[in-house]
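S.K.: This structure is in structure tokens; I'll ask about it shortly.
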Amino acid sequence: MRREPRIVAFCCEHSGKLAAGDESSSAALPDNVGIISVPCSGSVQTIDILGAFRAGADGVAVFGCHEGSCKHVTGNKMVKKRVEYVARTLEEIGWNRERVAFFPVAAVESKVFRDRLAELSENVRDRIHGYEKCLGKQSESAP
Amino acid sequence: MKAVSRLQQILDDGGFAVTGELGPPKGCDVEVVRCKAEHLKGMVDAVNVTDNQTAVVRMSSIATCAILLNLGIEPVMQMVCRDRNRIAIQSDILGAHGLGIRNILCLTGDHQHFGNHPQAKNVFDLDSIQLIQTVKTMRNEGKFVSGDDIEGAPNMFIGAAASPFSDPFEFRVRRLAKKVAAGAQFIQTQCVYDLDKFRKWMEMARDLGLHEKTHIMAGITPLKSVGMARYMKNNVAGVDVPDALIQRLRSAGKGKAAEEGIAIAIETIQEMKEMEGVHGAHIMAIEWEEKVPGIVERAGLLPRESVKN
Amino acid sequence: MIVAERKPIAEIRQMLESHRKILVVGCGACVTVCMAGGEREAELMAATLDLVFRNDSKCFSVDCVERQCEPEFLDPLTGKVNANDCVLSMACGVGVQTMAAQFPHVPIYPGLNTHFMGRPLEQGLWSETCAGCGNCILYKTGGICPIARCSKSLLNGPCGGSVNGRCEVDPDNIECAWQLIYDRMKEAGTLDLLDEIMPPKDWSDSAHGGVRRVVREDVML
Amino acid sequence: MNHYSKTVNSGVRLERISVNKRVLVVGGGMAGLETALKLTRLGYEVTLLETAESPGGSILSLSSLYGLSGESDLLVQSRIEAIKQNPAVRVLTGARLVGVTGTVGDFRVEIEQAGQTIENRCGAIVVATGLEFGEELPGTGSPEKTISHKELERRLVDLQQSETNRSRMPSNICLIVEDEGVDSAMFSASALKNALAIKRLSKSSVFVCCDNVNVAGSGLEELYREARSEGVVIFRLEDMRPQVRETRTGLAVTVKDSSAAAPGGWQGLIEIECDLLVLPERATVPADGVSLQHLLNVSCDSDGWFQENNVWAKPVESNRRGIFFAGGCRGNFDVEDILAEAKGAALEVHNLLRHGKRLVPVGRVAVDASKCAVCLTCLRSCPHDAIEILVDDKGHNKAARIIDIACEACGICVAQCPANAIQMLADQFRDQDVAVSV
């Protein structure tokens, strides 16, 4: 049976978290998405992202403020570089680099937030099904 | 001191010397050497043989020099510090002398990064100035770098290169002075296109009296095309082709650029003949040896006087 | 400090293929500071390998010691090392070898490529600065080492490949050390020092003289 | 799977920390003067630094640019007087800020005045270093026919003084008012004022090319009408910068006025023949403003103005708590804006230092000194300058330390530390959270 890709979204509490809305908000988030609120996207460590994959996530999104709007000035720029580093590491181990992405979003851009998540889910979906088919045969076959 | 080579004889006698250059083949086909040598024979006083230039593996400089000697051409053996330590360098100098080679041009050598073995480990045990000093000590004092005595010292005419167009410009002449102090008897410069800058450099050299302590020969490389001129300007460190020159090649029109390049080379040589302290021209016709006779002739440098050792 | 860099995962993967229980050990000294093998990087390495081998039922554990190049700091690790099949050391080559000497019966693998002695030019960018040649000449060259910082280790001035202060070997990334020396000494009014010909260097004090040692008998026990 | 748990202990507490109620204001221009006055009214003692020999700032030399009536002169003069009378303000002229250490509530500053270095302590710093106008004009290939607005004003003064100068005024004058998107009432107003002056003093034709005639200011609407009725021709520039080319007799300026364009037909391209072109000078950050940015370790935008346009920071706030900006140093031209900012900065300072005490959460972020390699990564990474290196009695570095009063608990240092030596104790997610969310 086809399952939805599991997505972990690290969300800056000044932008991504607000864009995600809370449980009472009208447009609820899909079940396959887990939100983790962070004080600044710049506090998301490389190990946290890898940790999410180890815990079984299929894709990881980091939502931070738009360029020039980070409350902590450089946090979004820093995490962008870390996300790129993880993407390269994923590539190195034979995974698809598109499993992880940084998305700039403003607190009010609730739709953008959902669109980006949907994008990531789409990117990841095909991969996981291909991957699950080969499970047990080859270890590195996760595309 | 008695001249050890025809080149030294001409220079010491106050003549305007002409040297050519021959790049050994990337294989063991001696015919290639003969063919190139044929163009140069009788047209120049001596022929430089490059030592794995731009760090591309070729037939060794010493062996090629020996082949030239057999063809009746006087070689200038180029030796770089990139590939040999002081043991190999001194050993090769002894061997070269044994084969009858009497001119040596001491160079640091291009970095292996530019060649066909960028993975190689370089040596640079000595630098070019230390190499000059080494050859001089071997000849004058009969001693190796270590201070050990040589049994039968090599008698070499020692040359060095100068790069007037590299940076820092003001340090270039000081470095030349160091080479002369180390024992360089003749100097062959990097190709000259920017005559104004060269004149300035010569003036600085004359201020230090270097033109009387060594024989400076100007490097001449005829440009084949606009593309080559641009390449030299942008990609070869220490070569500066003025825009006016490139424009001149361009306006020569299709198929005429090569002819114009040769004309420029001839004019440059003629300028050099008039410049105080310049004692010769070193013509580096890269893979274009067949043009050398024409250049030498049209520059009014023929016949090359026959000097006996 | 000693500057190192993580090895490609593919190479590490090959080393570890046949082992099941793997201990990744970081080092708290130079490689922590150059972001190559500290506790954080050791954890990252384990996490990455855990993904690589996710279907191979391997078990990774992580530890970090003060300095891997000192046996005393390795003693507390003995139990852990013995409980594992092999060690992936995230130290420089010195640390890896100290570890290998300390635990002769356990395979010790290097997780890093050790590059050079250098300094950070900015956060995240390190440059080679000392070649450890054993005979310092910095007092003659304006405090800039031509052996480590000139591509040809020239001692008597710049070669013809110096253009606009850059080295022709890689103009974008390498400064011409001799231009730096020249500028510095010109500023200091000590250019005359450069006119002296530096004789061929005695390389016997450097790596070319055989394995080197430094002995201080007065501090020996 | 193998878990490495992060050691977490909770121990965040609130502490009352004393803060210094003296405030340093850097720059004695309109913004600095106003901030100082407002601060004294709120009960603070102020040290006011001015590099020049007397306060007043660039507004005095630029007053004609601002001035519709010379009122800006008065605005400044009255404030200078008020400052002089005020015992709570210590004015240091000919003085420069040369060193800053410490953090909010307790900055230690070094001031250089007449070759002497004065040390001072303060709880907050307000930067009001202003702006300057470069004389450099974009090249048109015809320098003698191109002048700055400032130069035009000099000529207008000559014109007023002598009849003979009037006949020498070129017959066609074109004024361009646009500065790469900077839309300021000051620019358009001064251009209109000057255009009107030319009209009244000579027989010249005057054209004004303007991004947007800004009439949001007192008297500006009237000025605009007056200029129009006197025969000043105004073009509105849109999506095309004016193109200037030389002609045999003078200059030709091509502008595109879309309000004149015919839909689907003529695009509104108009060529103005003129023999004098007046271009706006560029406003720039003065050199000492740039060095101040380094000294204070505050961020600026790509043009060098203090304080990037950041939605999270209030206009006058910097990335460092306790350091504020006001006025021209932020790229502001407008007198009203400058005064409003000065007030804002004073209130922010008040908010921070009131009661001389500040309640600070302590221990949200903590350094494990035994793990710290003193690699300086956190020190370099912290956007708020809230990290220092602890030093022992002998001056040896021991470990990094979080300066709680300046810390914003963003977690960037935690993420950067290669030794895992910094922990976030509050509000931080754990690995378990990740596992749960998956």
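S.K.: Which condition number in (1) within 28 Å of D:Gln423 (Cα to Cα); (2) over 16 Å from the mean Cα position of the chain (by Cα); (3) in a loop (DSSP other than H, G, I, E, B) is the one that C:Cys64 fails?
M.R.: Of (1) within 28 Å of D:Gln423 (Cα to Cα); (2) over 16 Å from the mean Cα position of the chain (by Cα); (3) in a loop (DSSP other than H, G, I, E, B), only one is false for C:Cys64: (3).
S.K.: Among the residues of the range D:216-256, which ones are closer than 17 Å to D:Leu175 by Cα, part of a loop (DSSP other than H, G, I, E, B) and out of contact with any strand residue (DSSP E or B) (no Cβ under 7 Å at 6 or more places or on another chain)?
M.R.: Residues satisfying the conditions are D:Gly231, D:Arg241.
S.K.: Give the residue that is nearest to D:His350 (Cα to Cα), with candidates limited to residues of the range D:113-127 that are assigned to a strand (DSSP E or B) and within 23 Å of the chain's Cα centre (by Cα).
M.R.: Within the range D:113-127, the first condition is being assigned to a strand (DSSP E or B), and the residues that meet it are D:113, D:116-122, D:124-127.
Remaining after also requiring within 23 Å of the chain's Cα centre (by Cα): D:122, D:124-127.
Working: D:Cys122: 13, D:Ala124: 10, D:Ile125: 12, D:Val126: 12, D:Val127: 15 Å.
Only one residue tops the list, namely D:Ala124.
S.K.: Same structure again: Only one of (1) surrounded by fewer than 21 Cβ atoms within 10 Å (Cβ to Cβ); (2) within 12 Å of chain A (Cβ to nearest Cβ) is not met by D:Ser370, so which one is it?
M.R.: (2)
S.K.: When you look at D:Ala345, is it modelled with pLDDT of 80 or more, under 30 Å from D:Ser188 (Cα atoms) and not in a strand (DSSP E or B), yes or no? Lay out the reasoning, then the answer.
M.R.: On the way: modelled with pLDDT of 80 or more: yes; under 30 Å from D:Ser188 (Cα atoms): yes; not in a strand (DSSP E or B): yes.
Yes; evaluated as a whole, the condition is true for this residue.
S.K.: Output the residues belonging to the range D:235-252 that are touching a residue at least 40 places away in the same chain (Cβ under 8 Å), farther than 13 Å from D:Lys145 by Cβ and of a type in the set (A, V, I, L, M, F, W, C).
M.R.: If the condition is that a residue be touching a residue at least 40 places away in the same chain (Cβ under 8 Å), farther than 13 Å from D:Lys145 by Cβ and of a type in the set (A, V, I, L, M, F, W, C), then D:Leu237 is the only one that fits.
S.K.: Filter the range C:19-53 down to residues that are at the interface with another protein chain (Cβ under 7 Å from one of its Cβ atoms), surrounded by fewer than 24 Cβ atoms within 10 Å (Cβ to Cβ) and assigned to a loop (DSSP other than H, G, I, E, B), then give me how many there are.
M.R.: Residues meeting the conditions: 2.
S.K.: D:Val298 is checked against (1) at pLDDT below 80; (2) more than 19 Å from D:Val208 (Cα to Cα) and fails just one. What number does that condition carry?
M.R.: (1)
Okay, residues lined up against (1) within 7 Å of another protein chain (Cβ to nearest Cβ); (2) within 17 Å of D:Gly411 (Cα to Cα); (3) over 10 Å from the mean Cα position of the chain (by Cα); (4) in a helix (DSSP H, G or I):
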| residue | (1), (2), (3), (4) |
| --- | --- |
| A:Ala52 | yes, no, no, yes |
| A:Phe63 | no, yes, no, no |
| A:Asn76 | no, yes, yes, yes |
| A:Thr89 | yes, no, yes, yes |
| A:Gly94 | no, no, yes, no |
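S.K.: Here is a follow-up. Looking for whichever is away from chain B (no Cβ under 11 Å) and farther than 29 Å from B:Ala55 by Cα here; the options are C:Glu217, C:Glu196, C:Glu175. Which one fits?
M.R.: On the way: C:Glu196 fails: away from chain B (no Cβ under 11 Å); C:Glu175 fails: farther than 29 Å from B:Ala55 by Cα.
Exactly one of C:Glu217, C:Glu196, C:Glu175 is away from chain B (no Cβ under 11 Å) and farther than 29 Å from B:Ala55 by Cα, namely C:Glu217.
For every residue, the table says whether it meets (1) surrounded by fewer than 18 Cβ atoms within 10 Å (Cβ to Cβ); (2) within 22 Å of B:Cys28 (Cα to Cα); (3) of a type in the set (S, T, N, Q).
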{"site": "B:Thr50", "(1), (2), (3)": "no, yes, yes"}
{"site": "B:Met77", "(1), (2), (3)": "no, yes, no"}
{"site": "B:Cys81", "(1), (2), (3)": "no, no, no"}
{"site": "B:Asn85", "(1), (2), (3)": "yes, no, yes"}
{"site": "B:Leu99", "(1), (2), (3)": "yes, yes, no"}
{"site": "B:Ile104", "(1), (2), (3)": "no, no, no"}
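S.K.: When you look at C:Val87, is it buried (at least 24 other Cβ atoms within 10 Å of the Cβ) and within 21 Å of D:Ala415 (Cα to Cα), yes or no? Show your work before the answer.
M.R.: Working: buried (at least 24 other Cβ atoms within 10 Å of the Cβ): yes; within 21 Å of D:Ala415 (Cα to Cα): no.
Against the criterion (buried (at least 24 other Cβ atoms within 10 Å of the Cβ) and within 21 Å of D:Ala415 (Cα to Cα)), C:Val87 does not qualify.
S.K.: Another one. Kindly evaluate D:Phe324 against the criterion of being closer than 23 Å to D:Val109 by Cα, of a type outside the set (Val, Ile, Thr), touching a helix residue (DSSP H, G or I) at 6+ places or on another chain (Cβ under 8 Å) and within 14 Å of chain A (Cβ to nearest Cβ).
M.R.: Details: closer than 23 Å to D:Val109 by Cα: yes; of a type outside the set (Val, Ile, Thr): yes; touching a helix residue (DSSP H, G or I) at 6+ places or on another chain (Cβ under 8 Å): yes; within 14 Å of chain A (Cβ to nearest Cβ): no.
No: the conditions fail for D:Phe324.
S.K.: Moving to a separate point now. Suppose we filter the range D:85-127 for residues that are of a type in the set (Ser, Thr, Tyr) and buried (at least 20 other Cβ atoms within 10 Å of the Cβ); how many remain? Steps first, answer last, please.
M.R.: As a first pass, look at the range D:85-127 and keep what is of a type in the set (Ser, Thr, Tyr): D:93, D:101, D:103, D:117.
After this cut, where a residue has to be buried (at least 20 other Cβ atoms within 10 Å of the Cβ) as well, the list is D:103.
Summing the residues that are of a type in the set (Ser, Thr, Tyr) and buried (at least 20 other Cβ atoms within 10 Å of the Cβ) in the range D:85-127 gives 1.
S.K.: Looking at B:Asn122, is it over 30 Å from C:Glu187 (Cβ atoms), surrounded by fewer than 23 Cβ atoms within 10 Å (Cβ to Cβ) and at the interface with chain C (Cβ under 9 Å from one of its Cβ atoms)? Give the steps one after another, and end with the answer.
M.R.: On the way: over 30 Å from C:Glu187 (Cβ atoms): yes; surrounded by fewer than 23 Cβ atoms within 10 Å (Cβ to Cβ): yes; at the interface with chain C (Cβ under 9 Å from one of its Cβ atoms): yes.
Judged against the criteria, B:Asn122 is a match.
S.K.: Of all residues in the range A:58-68, which are out of contact with any Cys (no Cβ under 7 Å at 6 or more places or on another chain) and either under 21 Å from A:Pro39 (Cβ atoms) or surrounded by fewer than 22 Cβ atoms within 10 Å (Cβ to Cβ) (or both)?
M.R.: In the first step, residues of the range A:58-68 are kept if they are out of contact with any Cys (no Cβ under 7 Å at 6 or more places or on another chain); the result is A:58-62, A:66-68.
Scanning the range A:58-68 gives A:Val60, A:Ala61, A:Val62, A:His66, A:Glu67, A:Gly68.
S.K.: Those residues that are more than 14 Å from chain D (Cβ to nearest Cβ) and free of Cβ contacts under 8 Å to residues at least 40 places away in the same chain, I need them from the range C:59-75; list them, please.
M.R.: Within the range C:59-75, C:Glu70, C:Pro71, C:Glu72, C:Leu74, C:Asp75 meet the criteria.
S.K.: Could you please let me know if B:Phe171 is more than 23 Å from B:Leu99 (Cα to Cα), within 12 Å of chain C (Cβ to nearest Cβ) and of a type in the set (Phe, Trp, Tyr)?
M.R.: Numbers: more than 23 Å from B:Leu99 (Cα to Cα): yes; within 12 Å of chain C (Cβ to nearest Cβ): yes; of a type in the set (Phe, Trp, Tyr): yes.
For B:Phe171, the condition - more than 23 Å from B:Leu99 (Cα to Cα), within 12 Å of chain C (Cβ to nearest Cβ) and of a type in the set (Phe, Trp, Tyr) - is met.
S.K.: For the range A:27-50, give me the residue count where each residue is assigned to a helix (DSSP H, G or I) and touching a residue at least 40 places away in the same chain (Cβ under 8 Å).
M.R.: Narrowing the range A:27-50 to residues assigned to a helix (DSSP H, G or I): A:41-43, A:46-50.
Narrowing further to those that are touching a residue at least 40 places away in the same chain (Cβ under 8 Å): A:41, A:46, A:49.
Of the residues in that region, 3 qualify.
S.K.: In the range A:69-101, how many residues are crowded, with 22+ Cβ neighbours inside 10 Å and within 18 Å of A:Pro39 (Cα to Cα)?
M.R.: Number satisfying all stated conditions: 10.
S.K.: If you scan the range D:317-341, which residues turn out to be β-branched (Val, Ile, Thr) and either at pLDDT below 85 or more than 27 Å from D:Pro383 (Cα to Cα) (or both)?
M.R.: Initial filter on the range D:317-341 (β-branched (Val, Ile, Thr)): D:323, D:335, D:338.
Once the filter is applied, which keeps residues that are β-branched (Val, Ile, Thr) and either at pLDDT below 85 or more than 27 Å from D:Pro383 (Cα to Cα) (or both), the range D:317-341 yields D:Val335, D:Ile338.
S.K.: Further question on the same structure: Would you point out the residue of the range B:91-113, among those that are touching a residue at least 60 places away in the same chain (Cβ under 8 Å) and within 14 Å of chain C (Cβ to nearest Cβ), that is nearest to the chain's Cα centre (by Cα)?
M.R.: B:Leu105
S.K.: Moving on. Given the structure, is C:Leu191 of a type in the set (A, V, I, L, M) and either at the interface with chain B (Cβ under 8 Å from one of its Cβ atoms) or under 23 Å from B:Ala181 (Cβ atoms) (or both)? Reasoning before the result, please.
M.R.: Numbers: of a type in the set (A, V, I, L, M): yes; either at the interface with chain B (Cβ under 8 Å from one of its Cβ atoms) or under 23 Å from B:Ala181 (Cβ atoms) (or both): yes.
So C:Leu191 passes the test.
The values are calculated or read from the model by the stated rules, or taken from the named source; none is laboratory data. This structure is a prediction, so every number in the text was calculated from the model and none was measured. Reconstructed Cβ throughout: ideal geometry from the backbone, glycine too, with neighbour counts over all protein chains shown.
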